[in-house]
Amino acid sequence: MSLLAVERTLTVFTARVVEVDGLLARVAVLLNPYDVRELEVSLDRGELRVAVEGNGFDAGRVAARLAKVIGVLDVTVGSN
């Protein structure tokens, strides 16, 4: 019996940030119920990185939600 690896799409959102107090909590609330696999803030780069796994969701809608968070600027979408 062989195990087949299921490859799932991972969409990565990156944004420049200018304010970080409470940022992760605000982002986590806005991204519920998406399948968030990574949520990282780099203070050195002033950057937020969010990785959402799965297919069938609207990446534009996720980017718009992120753009509404206070302190988040310039959201970009890519894939991994």
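Using a 1.4 angstrom probe with every protein chain in place, what is the largest-first accessible-area order of Val62, Val75? The partial results should precede the final answer.
Details: Val62 0, Val75 40 Å².
Listed by decreasing accessible area, they come as Val75, Val62.
Return, for the Cα atoms of the chain, the radius of gyration and Dmax in Å, separated by a comma.
13.7, 52
Given a Förster radius of 22 Å and the C-beta distance between Leu43 and Ala63 as r, what FRET efficiency does 1/(1 + (r/R0)^6) yield to the nearest 0.05?
The pair Leu43/Ala63 has a calculated efficiency of 0.50.
For the chain, which trypsin sites (Lys or Arg not before Pro) are both in a DSSP coil and crowded by at most 11 other Cβ atoms within 10 Å?
Numbers: sites: Arg8, Arg16, Arg26, Arg37, Arg45, Arg49, Arg61, Arg65, Lys68; in loops: Arg8, Arg45, Lys68.
Listed in order of number, the matching sites are Arg8, Arg45, Lys68.
Filter the GluC sites (Glu not before Pro) in the chain down to the DSSP loop ones having no more than 10 other Cβ atoms within 10 Å, then list what survives. Could the numbers behind the result be given before it?
Working: sites: Glu7, Glu19, Glu38, Glu40, Glu47, Glu53; in loops: Glu7, Glu19.
Those satisfying the criteria are Glu7.
Determine the relative contact order of the chain: mean sequence separation of Cα pairs under 8 Å and six or more apart, normalised by residue count, in whole percent.
On the way: 125 pairs, mean separation 37.1, N = 80.
Once normalised by length, the contact order is 46 percent.
Please get the size of the charge dipole for the chain, origin at its Cα centre, with Cβ charges of +1 on Lys and Arg and -1 on Asp and Glu, quoted in debye to the nearest 20.
Working: 9 positive and 11 negative charges, 39 e Å.
Magnitude of the dipole: close to 180 debye.
The values are calculated or read from the model by the stated rules, or taken from the named source; none is laboratory data. Not measured: the values here are computed from a predicted model. A quick note on method: Cβ atoms are made from the backbone with ideal geometry, for glycine too, and the neighbour counts reach across all protein chains shown. Ligands, DNA and RNA are stripped out before the accessible areas are found, and what is left, the full protein with its side chains, is counted by its heavy atoms. Shrake-Rupley method; radii C 1.70, N 1.55, O 1.52, S 1.80 Å.
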